[in-house]
Every structure is written in C-alpha cells, then in structure tokens.
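The values are calculated or read from the model by the stated rules, or taken from the named source; none is laboratory data. Quantities reported herein were computed from a predicted structural model and do not represent experimental measurements. Methodologically, a virtual Cβ is constructed for each residue, glycine included, from the backbone with ideal geometry; neighbour enumeration extends over all protein chains shown.
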Amino acid sequence: MAGPAFEVGSRQILLTGIGPMQRRSFLIWFSRTVYTACAATVAAPMLRFLSAPLVSNTASGGPILRRIATLDSLPTGTPQKLAVIGTRADGWTKHPDQVVGHVWVTRTSPPSAPADSAKVSVFNAACPHSGCPIQHAVANYVCPCHGAKFNDDGTKVTADGYTNPSPRGMDLLDHRLVKDDATGQWWVEVEYKEYEVGIADRVEKA
C-alpha cells in the first residue's frame, strides 16, 4: 500500500516502505525545515533594515560633491573656512541641507590667472589627531585641542623641542573648478570626505 504523498515545488514525493511513526517523524522534520527556511527569508531584509543605523555615515551616502564658493570670492593666499552642506543621517532619519563638515580653501594662483587654470587647495578642517576643528593662525594651521600644527600646504609642522601630536598632515580633498552655464561664474566644487583619526594612513570612514 502506497504511503502518503506531498509536493515539493513541482515534484511529488511518495512515502513508501515506512511505518506510521517514521512517517510522522519525517513530516515533523520536513515542516520544521520549511518553517525555518521561510523565517530566514523574511528575517534577512528585516535585519538589514534594523542594522542600517549602526553602519550609516554621519554624512549620508558617503562622499558629498558640493559647490562651496565662487572663485571670485576667494582672496589669493588667505585661507577661508567654509561649510559643506549635505544630508546628515541620524539613525533612520535623514536631515537634508545640514552642515556636515567644514573645509579650508585657499586660492593659490594670482587674480590675474585665467579662471579655467586657477589653482586652489582644499583641506578637511577636522584635525587628523582627534577630529577637533582646525583653526588658522598668522603663520599656519593650529588645532586648539591638543596643539597640532600644520603648514599652509597641509604638512605637519616639525621643530626642535616640539612634538606634533597629529599622526599625519591635513587631509587633502579632491576638487575642481566648474563654470556655471547660467551665470558664467566659476565655482570651487569639492568632493567632501571624512577620514579616520588617530592613525598615520588616510582611511576613509565607512
């Protein structure tokens, strides 16, 4: 006498040659297996959703490409501290049009240089030592928290009797000059990134 049959996908499985207790044990095992597989399928996306705030960037979406200043507004040789506007993530909530960081921008070419060949330098304003906001003094950049000093080209200051606490120089950011088609103005466009602090290598924050 043929035993009970059940379908798995497009196949039919016939239970033959086993007693009632064996069939019952097998069906219990099979039901648990199907339940576990269904539960895992449902749980995987839910776990990804719940863990998102634990791995999200402060500046949502990784690098932020922003126009931060017109070229004409930058005086030659004088560093300007400018805010970067973007979307800030706070757990599951995203806040658009927020200040996500600051940069130091310096126009290094003379005003007489053509706009399309002008030169600027752009540094992240966070100190590589512990992330404090770097300020600019008369001669160089200075971190007010622990006394780290940097030259105008972003390199660490070294001097006899002075130990620079920063493990590396200021973090240079990629940028470009772009011309606005509507106004004809030239803008400094920066790719803003944040880096891990307290280490010698430049490692972008996850």
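Do you know which residues across region 175-206 are touching a helix residue (DSSP H, G or I) at 6+ places or on another chain (Cβ under 9 Å) and under 16 Å from ASP72 (Cα atoms)? Give the derivation first.
Restricting attention to region 175-206, the residues satisfying the condition of being touching a helix residue (DSSP H, G or I) at 6+ places or on another chain (Cβ under 9 Å) are 177, 179, 185-188, 206.
Within region 175-206, LEU177, LYS179, GLN185, TRP186, TRP187, VAL188 meet the criteria.
Would you call VAL178 surrounded by 16 or more Cβ atoms within 10 Å (Cβ to Cβ) and in the same structural domain as LEU71 (by TED's automatic domain parsing)?
no
Report, ordered by the first and then the second residue, all pairs with beta carbons closer than 7 Å, sequence separation of six or more or different chains, a first member in region 153-170 that is modelled with pLDDT of 95 or more, and a second member that is outside any loop (DSSP other than H, G, I, E, B) and among the aliphatic types (A, V, I, L, M).
Cβ pairs passing all conditions: GLY154/LEU172.
Yes/no matrix, rows are residues, columns are (1) among the polar types (S, T, N, Q); (2) modelled with pLDDT of 90 or more; (3) in contact with a Ser or Thr (Cβ under 7 Å, 6 or more places away or on another chain); (4) within 23 Å of PRO167 (Cα to Cα):
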residue	(1), (2), (3), (4)
LEU82	no, yes, no, no
ILE85	no, yes, no, no
ARG88	no, no, yes, no
VAL103	no, yes, no, yes
PRO114	no, yes, no, no
ALA118	no, yes, yes, no
SER121	yes, yes, yes, yes
GLN135	yes, yes, no, yes
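Looking at VAL99, is it at pLDDT 95 or above, closer than 23 Å to LEU71 by Cα and outside any loop (DSSP other than H, G, I, E, B)?
In short, no.
Could you look through region 181-206, keep only residues that are assigned by TED's automatic domain parsing to the domain that holds ALA125 and among the small types (Gly, Ala, Ser), and pick out the one that is surrounded by the most Cβ atoms within 10 Å (Cβ to Cβ)?
GLY184
Anything in region 154-175 that is loosely packed, with under 14 Cβ neighbours inside 10 Å and on the phi < 0 side of the Ramachandran plot? List them, or say none.
THR155, THR158, ALA159, ASP160, TYR162, THR163, LEU172, ASP174
Please determine, by comparing only the residues of region 102-137 that are touching a Cys at 6+ places or on another chain (Cβ under 7 Å) and free of Cβ contacts under 8 Å to residues at least 40 places away in the same chain, which one is surrounded by the most Cβ atoms within 10 Å (Cβ to Cβ).
That would be ILE134.
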